[in-house]
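Just below is one structure, and these are the notes that go with it.
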Amino acid sequence: GSFPYLSLQWEFNAKALWDAPVLHTRIYGDYNLPHILAAAAIGRYLSVPYDRICDALSEWQPRNNRSEIREMRGHWLVMDAYNANPDSMRAALGHFHRMEHPHKVILLGEMLEMGEHSAYEHRFLLEHTLHFDFQVVCLIGQAFWALRNEFPSFRFFEDAAALHQFLQAAQWPASAILFKGSRGNAMEQYADSLPGPSSQV
């Protein structure tokens, strides 16, 4: 398809699906497919022509830290830092895991407003993450920090200053980096601390 973005074939007439042109979007993440189809359905309901719906879907680009793709200092960033809950976290990690890239880094901010379920949900998320092949896992926030002794292969940071310092000293090759967390973490701030790719790695 059009890596790293979604490509799809769609048609209102199921019998004509196989003859439908491939639509290349600028939207990242297979978890966004229902949103694409919902937008197409609304367009159809409003009698928008098929070609105009396709043009709009192919031209629209995510912004405001919602599944936003950036290239920065030789790295490829997925900025999905607008919000986070257990389902969206797992969906983002699953798609990032399936993406082909030799060096994948994830920066996760804690899920806020989890209440009495916070400890369970954060622990369950980290157990889920253990099954993936991420080269570096960085976790920020008190809910993650409380679990630091249970997951020795991950890197935990109690506050923003500590994570900024770590990133500024990091020596990574050109990487794919996922930023994901609740809005209160402002995960996009950490992109400015990324160094360029290291030739020593």
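The values are calculated or read from the model by the stated rules, or taken from the named source; none is laboratory data. Keep in mind that what you see is a predicted model, and the values were worked out from it rather than measured. Backbone-built Cβ (ideal geometry, glycine too); neighbour counts: all protein chains shown.
Points to keep in mind about this one:
- Hits in the range 1-39 - residues which are surrounded by 12 or more Cβ atoms within 10 Å (Cβ to Cβ), closer than 28 Å to Met79 by Cα and either modelled with pLDDT of 90 or more or among the acidic types (Asp, Glu) (or both): Asp30, Ala39
- Contacts under 9 angstrom Cβ, first residue in the range 153-171 being farther than 10 Å from Cys138 by Cα, partner hydroxyl-bearing (Ser, Thr, Tyr) and surrounded by fewer than 17 Cβ atoms within 10 Å (Cβ to Cβ), 6 or more apart: His164/Ser193; Gln165/Ser193; Gln168/Ser193; Ala170/Ser193; Ala170/Ser198; Gln171/Ser198
- Among the residues of the range 164-201, those that are hydroxyl-bearing (Ser, Thr, Tyr) and either within 24 Å of Tyr5 (Cα to Cα) or in a loop (DSSP other than H, G, I, E, B) (or both) comprise Ser175, Ser182, Tyr190, Ser198, Ser199.
- For the range 122-138, the count of residues that are among the polar types (S, T, N, Q), crowded, with 17+ Cβ neighbours inside 10 Å, touching a strand residue (DSSP E or B) at 6+ places or on another chain (Cβ under 8 Å) and modelled with pLDDT of 95 or more is at least one.
- Residues that are farther than 15 Å from Ala84 by Cβ and not in a strand (DSSP E or B) within the range 101-114 comprise His101, Pro102, His103, listed in sequence order.
- Among the candidates Phe151, Phe157, residue that is closer than 27 Å to Ser88 by Cα and touching a Cys at 6+ places or on another chain (Cβ under 9 Å): Phe157
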